[in-house]
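Data first, discussion second: the structure below is written as C-alpha cells.
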Amino acid sequence: MAHKVLFLDRDGTINEEMGYVNHLERFVLIPRVGQAIQLLNQHQFKTVVVTNQSGVARGYFPETLVHQVHQKMQDLLRITGAHLDGIYYCPHHPDVGNPPYRQRCRCRKPGPGMIEAAVRDLDIDAARSYIIGDRGNDIEFGHQFGARGILVLTGYGKGEWEYLRGQWKVQPDHVAQDLYEAVQWILLQESKGG
Ligand SMILES: [Mg+2]
Ligand SMILES: [Zn+2]
C-alpha cells in the first residue's frame, strides 16, 4: 500500500524565515523541527519538502547553494535521528532573470510539478496527505490535490493568519504554533482513524 505523506514547506516552516537563504549561515532550524520530523518517520509517514527558490532565477545565489543548504538541512536533522524522504525545489521564476531559470515551469508552487515528481519517485498516496506551511498559498496549493492543510505560526504564519486569512480561498484544517504542534495534531487525527 502506498505510504501516507506529509508535504512540508521549507522557509518559515522548517527553518527560520530570513527573506532569502542566500548563504549557508542563514539556514537555521526552528526549535523542535528535528523531533517533529522524527515522529513522522516513526509513524510511517514519508516526509517531502516542496520549496520555491526563485532566488536562483533572480540571481541572488547559485543553484549549488540550494544543494548545500539541503545537505545542511539533512545533516542537522540527522542529529535528532530524523530524515526527509524527498526534497524538491523550483529554481525558476516566470518573469525575472534569464533562461533557463526564467520560464513558466510546472514546478513553481502552486503548479503541480513537484507533487507529480514526488508521486513518481516515492511510493506515496497524495490523496492521503497533509501539507504544512506558513502561508495561505501553501494551504491552497495542497488543497488542489486533496491534502489537508495546517498553517504554522512560525515564519510569515502569524502575520498571514492575522491580516490575510480573510482573503484566502481555502482555510487551513488546523492552525498550529509550530511544526512540532502541527505533527502532534496530525498524529491525533491518525489515531482517531484519519
Ligand atoms: Mg514558507
Ligand atoms: Zn520551476
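What's the total number of residues in segment 125-137 that are away from ligand 1 (no atom under 16 Å from the Cβ) and open to solvent by 30 Å² or more (accessible area, probe 1.4 Å)? Show your work before the answer.
From segment 125-137, those away from ligand 1 (no atom under 16 Å from the Cβ) are 125-129; that's our starting set.
Now drop any that are not open to solvent by 30 Å² or more (accessible area, probe 1.4 Å), which leaves 125, 127-128.
Number of matching residues: 3.
Quick check on residue 141: is it within 20 Å of residue 126 (Cα to Cα) and buried (at least 23 other Cβ atoms within 10 Å of the Cβ)? Steps first, please.
Values: within 20 Å of residue 126 (Cα to Cα): yes; buried (at least 23 other Cβ atoms within 10 Å of the Cβ): yes.
Taking the combined requirement at face value, the residue satisfies it.
State whether the residues of segment 101-123 include one that is open to solvent by less than 40 Å² (accessible area, probe 1.4 Å) and away from ligand 2 (no atom under 16 Å from the Cβ).
Quick first cut of segment 101-123, residues open to solvent by less than 40 Å² (accessible area, probe 1.4 Å) only: 105, 107, 109, 111, 113-115, 117-118, 122.
Right, trim to away from ligand 2 (no atom under 16 Å from the Cβ) and you get 122.
Yes, segment 101-123 contains a residue that is open to solvent by less than 40 Å² (accessible area, probe 1.4 Å) and away from ligand 2 (no atom under 16 Å from the Cβ).
Inside segment 79-100, can you point out the residues that are open to solvent by 40 Å² or more (accessible area, probe 1.4 Å) and within 18 Å of the chain's Cα centre (by Cα)?
83, 85, 87, 89
Can you tell me which residue within segment 1-43, out of those that are closer than 16 Å to residue 156 by Cβ and in a strand (DSSP E or B), is nearest to the chain's Cα centre (by Cα)?
8
Just to be sure, is residue 67 under 27 Å from residue 170 (Cα atoms) and either modelled with pLDDT of 95 or more or open to solvent by 60 Å² or more (accessible area, probe 1.4 Å) (or both)?
Considered against the rule, which asks whether it is under 27 Å from residue 170 (Cα atoms) and either modelled with pLDDT of 95 or more or open to solvent by 60 Å² or more (accessible area, probe 1.4 Å) (or both), residue 67 comes out as no.
Pick out the one residue from 72, 46 that is within 17 Å of residue 10 (Cβ to Cβ), more than 16 Å from ligand 1 (Cβ to nearest atom), among the basic types (Lys, Arg) and assigned to a strand (DSSP E or B).
Being within 17 Å of residue 10 (Cβ to Cβ), more than 16 Å from ligand 1 (Cβ to nearest atom), among the basic types (Lys, Arg) and assigned to a strand (DSSP E or B) holds for just one of 72, 46, which is 46.
Please work out if residue 141 is more than 16 Å from ligand 2 (Cβ to nearest atom) and of a type in the set (Phe, Trp, Tyr).
No.
Residues checked against (1) without any contact (Cβ under 8 Å) to a residue 24 or more places away in the chain; (2) touching a His at 6+ places or on another chain (Cβ under 8 Å); (3) hydrophobic (A, V, I, L, M, F, W, C):
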| site | (1), (2), (3) |
| --- | --- |
| 151 | no, yes, yes |
| 157 | no, no, no |
| 164 | no, no, yes |
| 168 | no, no, yes |
| 174 | no, no, no |
| 182 | no, yes, yes |
| 186 | no, no, yes |
| 193 | yes, no, no |
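Is there any pair with a first residue in segment 127-147 that is part of a helix (DSSP H, G or I) and a second that is open to solvent by 10 Å² or more (accessible area, probe 1.4 Å) and basic (Lys, Arg) whose Cβ atoms are under 9 Å apart and which are 6 or more apart or on different chains, and what are they?
136/165; 136/169; 137/109; 138/109; 140/169; 141/109; 142/148; 143/169
Here is a list: 2, 36, 57. Which entry is farther than 18 Å from residue 87 by Cα, more than 14 Å from ligand 1 (Cβ to nearest atom) and crowded, with 18+ Cβ neighbours inside 10 Å?
Every option except 57 fails the conditions.
In this structure, does residue 122 turn out to be within 27 Å of residue 64 (Cβ to Cβ), of a type outside the set (Ser, Thr, Tyr), touching a residue at least 12 places away in the same chain (Cβ under 8 Å) and more than 16 Å from ligand 1 (Cβ to nearest atom)?
yes
Taking into account only those residues within segment 178-194 that are exposed (fewer than 13 other Cβ atoms within 10 Å of the Cβ) and part of a loop (DSSP other than H, G, I, E, B), which is modelled with the highest pLDDT?
Across segment 178-194, the extreme among qualifying residues is 192.
From the set of residues in segment 144-165 that are touching a strand residue (DSSP E or B) at 6+ places or on another chain (Cβ under 8 Å) and β-branched (Val, Ile, Thr), which is surrounded by the most Cβ atoms within 10 Å (Cβ to Cβ)?
152
The values are calculated or read from the model by the stated rules, or taken from the named source; none is laboratory data. No experiment lies behind these values; they were computed from the predicted model shown. Cβ coordinates were reconstructed from backbone atoms using ideal geometry, including for glycine residues, and neighbour counts include every protein chain displayed. To get the accessible areas, we keep the full protein, side chains included, count just its heavy atoms, and leave off ligands, DNA and RNA. Shrake-Rupley method; radii C 1.70, N 1.55, O 1.52, S 1.80 Å.
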